[in-house]
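Okay, structure first, notes after.
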Amino acid sequence: MSSTPENKPSALDVDNKIAPISTSMPESISLDKWADTGYQWVGEVEPRSFQRLAAILTTEHEQEKISLNADLYRRNNVLHLAFTLTGDVWLTCQRCLQPVAVDLSDDYDIALLEDDSQARLIDDEQDYLLLDEIITESSPESLLPFKKLVEDEILLKTPMAPKHDDCEMSVEQFGEIPEEEESENPFAALASLKGKL
């Protein structure tokens, strides 16, 4: 689900929120370290680096990198993960079986609630997740599964049965199609009895 964040602080507003530059997308974000100061990651991601997404990508077309601009911030004492995706992935058209581009470009904003009581602090239309439900690994620090959350939104954006807007279904015919014999209408006998009774 996507929504456009409102009043989201930009990276320019907060000097200490940009994480150290990394060329690869981090698997997780330490909430112990970044939840209060904020975190930002900007980069490009290979679609095949997402394990579940890779399973549905076509191998018949080159996949280009997806641009990602992510921002972890607090608003009204609620933690938010907002990100913008720009780019396409290539899937297989379910009609013609040829590659079809699916545009992932959109803005996403997910509220990360510490408990149900925080739901009153966000808009009714706001997408949200409970931190207890998404942080499942037991470790000394609280790690937000950043890459998994981005992949979840990508998978929600991709259609279950992708298809071109204007293509015909691929049909292969083997052998000759037998002609159907005209069978006698079962109601013809009733029609002939109609006048006799």
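When Leu91 is evaluated against the numbered criteria (1) under 21 Å from the mean Cα position of the chain (by Cα); (2) surrounded by fewer than 18 Cβ atoms within 10 Å (Cβ to Cβ), which criterion, by number, is the only one it fails?
For Leu91, the exception is condition (2).
Only one of these is out of contact with any Lys or Arg (no Cβ under 8 Å at 6 or more places or on another chain), of a type in the set (A, V, I, L, M, F, W, C) and over 25 Å from Pro47 (Cβ atoms): Leu113, Leu144, Leu91. Name it.
Unique residue meeting the criteria: Leu113.
Every residue, every condition in (1) within 30 Å of Asp166 (Cα to Cα); (2) at pLDDT 90 or above; (3) surrounded by fewer than 18 Cβ atoms within 10 Å (Cβ to Cβ), yes or no:
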site: Leu57; (1), (2), (3): yes, yes, no
site: Ser67; (1), (2), (3): yes, yes, yes
site: Leu72; (1), (2), (3): no, yes, no
site: Gln98; (1), (2), (3): yes, yes, yes
site: Ala101; (1), (2), (3): yes, yes, yes
site: Ala119; (1), (2), (3): no, no, yes
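For the stretch 92-143, name all the residues that are out of contact with any strand residue (DSSP E or B) (no Cβ under 8 Å at 6 or more places or on another chain) and closer than 30 Å to Thr59 by Cα.
Gln94, Arg95, Cys96, Leu97, listed by residue number.
The values are calculated or read from the model by the stated rules, or taken from the named source; none is laboratory data. Model, not experiment: these values are computed from the prediction. Every residue, glycine among them, receives a Cβ derived from its backbone with ideal geometry; neighbour counts consider all protein chains shown.
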